1. Test of the criteria: in the stretch 1-59, which trypsin sites (Lys or Arg not before Pro) are in a DSSP loop and have at most 14 other Cβ atoms within 10 angstrom of their Cβ?
2. Please work out how much length the chain gains when fully extended from residue 21 to residue 58, using 0.36 nm per residue of separation minus the C-alpha to C-alpha distance, in nm with one decimal.
3. May I ask you to list the GluC sites (Glu not before Pro) in the stretch 1-85 that are in a DSSP loop and have at most 15 other Cβ atoms within 10 Å of their Cβ?
4. In terms of Cα to Cα distance under 15 Å, which aspartates and glutamates are near enough to residue 75, apart from those fewer than 8 places away along the same chain?
5. Using 0.36 nm per residue of separation minus the Cα-Cα distance, give me the extension gain between residue 40 and residue 68 in nm, one decimal.
6. Could you pull out every one of the lysines with an alpha carbon less than 25 Å from that of residue 8, ignoring same-chain neighbours closer than 8 positions?
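Quick note: the coordinates plus some simple rules give every number you see, no bench work behind them. These figures come from a predicted structure and were not determined experimentally. Quick reminder, even Gly has a Cβ in these numbers, built from the backbone with ideal geometry, and neighbours come from all protein chains shown.
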Amino acid sequence: MYFVCSEKDLELQRLMDRNKLSEKEALVRIEAQMPIEKKCAQAHFVIDNSSTIEDTREQLIEIYSDLRKSNAHWKIRAIVGAVLTLVSGGLYVVLKSTLF
């Protein structure tokens, strides 16, 4: 199992922006969830999404590389590979929309 996390203030801002919520509404939603610390403790891998797309991509590449060495984690490798593809595709879309 993997978990993607970010700094609390960034998580709050992203939720407000994405779902068009007030700060109060977003905080209620965040507080209704399992605490990040507990999610991280239960995850096999934690991806910190607080920085740039490139930093996130590097973390995914490192995890994918570690998983390739182990045949026991083929399902997780497939998921990480798919996420890596989506992140790379998202980066392409962002760059394409800003360049053209």
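1. Those that pass, being in a loop and sparsely packed, are 20.
2. Here the segment from residue 21 to residue 58 would lengthen by 10.2 nm.
3. 7
4. Reachable aspartates and glutamates: 66.
5. On the way: separation 28, 0.36 × 28 = 10.08 nm, distance 2.20 nm.
7.9 nm is the gain from fully extending residue 40 to residue 68.
6. Those lysines meeting the cut-off are 20, 24, 38, 39.
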